[in-house]
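Participant: Before anything else, here's the structure in question.
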Amino acid sequence: MPEPAGNAPDFTQHRVFWRLIGYSALLGVLGSVAGLVFLAVVGLGPRWYGEQQTGWMDGPWWWVPVAMAAGLVVGLLRRAFHSPEKAPGLIEDVEAQHVDHRPVPSVVAISAVSLIGGASLGPEVALGQVGGGAADVVSQRRGLDEDTGKALTLGGIAGAFGGMFSSPVLSVVLVLELARPGRKVFGPALYGSIVAASLSFAIYFTVAGTIFLGIYEVPSFDFADWHLAAAVPLGILAVLVVLATMAVGAATTKAVALLRLPALLTPVVGGLLFGLVGVALPLTSFTGSDQLGVALDKGSALGTGLLVAILVGKMLAFAVSTATGFIGGPIFPVLFLGGVSGILVHQVVPDIPLGLAFACLLAAVPGAIVGAPFTLVLLAALMTQVGPLETAPVLIAVGTASLTVSALKYLRARRSAATEPSVA
């Protein structure tokens, strides 16, 4: 029996809540427009690149000067905007539940050039900045209190992602699971995010007609109880992939710092490096979203050796892009690393179904970095269209990866505390 209206949550009975819903609707419209325009602009790079090649040294050499030119433009934009060395991060913005609107134009411009030029980064940072930055402007001009401003920020980011992910459910769950807002913020943020993400998706789908469902078609497989046990080592493998990625990133950052390049030249050298990697291993270029689909379709033809090289090459391209001043998000490159790892597992151990290995590692590799297990299981389910039973090992793999990383951090902290000299 439905509860009477008088038992509705208290926050819905205040005028500020309905103002929040109205502003969230506007941000949803803005998010859809931003998504349509930005994704169309950054799609120019892959369209100019032409047909996606897959083999050793199959990438076009002419793309190297294009990547270097993109690096030069990035350097000029960073100088013109006086951009800080470290760009805003998506996870940090969501966790803070606040986005400063002032650097948004520079982040969007630099990210657009970065992605057009083939940097191994994703579009989520720029779109999150647009949605969150717009919420910051509304909050300041309308004099919203701190909690309402936080809720509106999360709604703005969810609205910006509603079109990109083509799934309002995924956008809402992602934002709320990352932010983990307090009791006063959660309810308004939930409803505001639903309104913003749903409107954004409706407009985006009407105009673009594209959806996120089944983007990676994996072969169907019959669920077996041993899949649950197999998910545990797959989760541990995901941690090893992340540790390798972090090691490559740290080494690349250190190498770039030792070069002491002028700020304007650093992104040019970065473009040269990931451009050369893209010539040798063309599947490492761009965000990795379309390239992962190609790897999944042609995995058996590529062979184990080439897939390992692609995995390492993507780690290097991602690290170079991040360390040399390009701006973009980590989600899509990390999904690529997870998906390719799953393809490799199936090739090395054919008894593990491709769909199982792919779905588990697609979610578990980012799961070792981001504390959002339900989002990642939902993401894998939507992208691969695996059945309800098959999501159980995916959740186990994500949980294993996340808990393993947490255990490693705990042990490291314990060891550090034990080696510190005691203060009398």
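Participant: What residue, of 137, 74, 99, is over 23 Å from residue 32 (Cβ atoms) and among the β-branched types (Val, Ile, Thr)?
Facilitator: 74
Participant: Among 340, 334, 345, which is more than 16 Å from residue 289 (Cβ to Cβ) and either touching a residue at least 24 places away in the same chain (Cβ under 8 Å) or within 23 Å of the chain's Cα centre (by Cα) (or both)?
Facilitator: Exactly one residue qualifies, and that residue is 345.
Table: residues versus (1) within 22 Å of residue 404 (Cα to Cα); (2) of a type outside the set (A, V, I, L, M, F, W, C); (3) touching a strand residue (DSSP E or B) at 6+ places or on another chain (Cβ under 6 Å); (4) assigned to a helix (DSSP H, G or I).
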{"site": "275", "(1), (2), (3), (4)": "no, yes, no, yes"}
{"site": "286", "(1), (2), (3), (4)": "no, no, no, no"}
{"site": "336", "(1), (2), (3), (4)": "yes, no, no, yes"}
{"site": "359", "(1), (2), (3), (4)": "yes, no, no, yes"}
{"site": "365", "(1), (2), (3), (4)": "yes, no, no, yes"}
{"site": "369", "(1), (2), (3), (4)": "yes, no, no, no"}
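Participant: Also, I was wondering about something else. Of all residues in the stretch 45-95, how many are in a loop (DSSP other than H, G, I, E, B), over 29 Å from residue 151 (Cα atoms), in contact (Cβ under 8 Å) with a residue 40 or more places away in the chain and touching a Ser or Thr at 6+ places or on another chain (Cβ under 9 Å)?
Facilitator: 2
Participant: Quick check: anything in the stretch 125-137 in the same structural domain as residue 30 (by TED's automatic domain parsing), crowded, with 22+ Cβ neighbours inside 10 Å and at pLDDT below 95?
Facilitator: No: zero hits.
Participant: If you scan the stretch 72-124, which residues turn out to be at pLDDT 95 or above and among the polar types (S, T, N, Q)?
Facilitator: Matches in the stretch 72-124: 97, 106, 111, 114, 120.
Participant: Could you say which residue among 342, 325, 303, 338 is at positive phi, surrounded by 21 or more Cβ atoms within 10 Å (Cβ to Cβ) and touching a helix residue (DSSP H, G or I) at 6+ places or on another chain (Cβ under 9 Å)?
Facilitator: Residue meeting the stated conditions: 325.
Participant: If you don't mind, there's one more thing I want to ask. Part of a helix (DSSP H, G or I), in contact (Cβ under 8 Å) with a residue 60 or more places away in the chain and surrounded by fewer than 24 Cβ atoms within 10 Å (Cβ to Cβ): is that true of residue 178 in this structure?
Facilitator: So residue 178 passes the test.
Results for (1) more than 21 Å from the chain's Cα centre (by Cα); (2) within 26 Å of residue 352 (Cβ to Cβ); (3) surrounded by 17 or more Cβ atoms within 10 Å (Cβ to Cβ); (4) of a type in the set (Gly, Ala, Ser), shown as yes or no for each residue.
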site: 203; (1), (2), (3), (4): yes, no, yes, no
site: 207; (1), (2), (3), (4): yes, no, no, no
site: 215; (1), (2), (3), (4): no, yes, yes, no
site: 219; (1), (2), (3), (4): yes, yes, no, no
site: 225; (1), (2), (3), (4): yes, yes, no, no
site: 228; (1), (2), (3), (4): yes, yes, no, no
site: 234; (1), (2), (3), (4): no, yes, yes, no
site: 241; (1), (2), (3), (4): no, yes, yes, no
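The values are calculated or read from the model by the stated rules, or taken from the named source; none is laboratory data. Note that the structure is a prediction, hence the values are computed from the model and not measured. With ideal geometry, Cβ positions are generated from the backbone for all residues, glycine too; neighbour counts draw on all protein chains shown.
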